[in-house]
Amino acid sequence: MRATVGDEILVHGRTVGSGERRGEIVEVRGEDGKPPYLVKFNDGHQGLVFPGSDSQVTSPQR
């Protein structure tokens, strides 16, 4: 997975009842756009994300 600052990440819920989390990538800490990513989620929280197979990254330009 590769991303750039400004891309959007969507993390699907892994268990029944847990919702999706959506946020903006504000910093890419890996080399060549690879994780981890610092993400500002829509609820205002920020966190370091190591995305798994339950995640999608989209670019506003796509």
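Summary of values
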| item | result |
| --- | --- |
| Yes/no for residue 11 being at pLDDT 95 or above and of a type in the set (Val, Ile, Thr) | no |
| Every residue from the range 24-45 that is in contact (Cβ under 8 Å) with a residue 24 or more places away in the chain and not hydroxyl-bearing (Ser, Thr, Tyr) | 25, 28, 32, 33, 34, 35, 39 |
| Residues of the range 11-40 satisfying the condition of being open to solvent by less than 70 Å² (accessible area, probe 1.4 Å) and over 16 Å from residue 54 (Cα atoms) | 25, 26, 28, 30, 33, 38 |
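The values are calculated or read from the model by the stated rules, or taken from the named source; none is laboratory data. Not measured: the values here are computed from a predicted model. Glycine also receives a Cβ, built like all others from the backbone with ideal geometry; neighbour counts cover every protein chain displayed. Heads up: the accessible areas ignore ligands, DNA and RNA and are worked out on the full protein's heavy atoms, side chains in. Shrake-Rupley method; radii C 1.70, N 1.55, O 1.52, S 1.80 Å.
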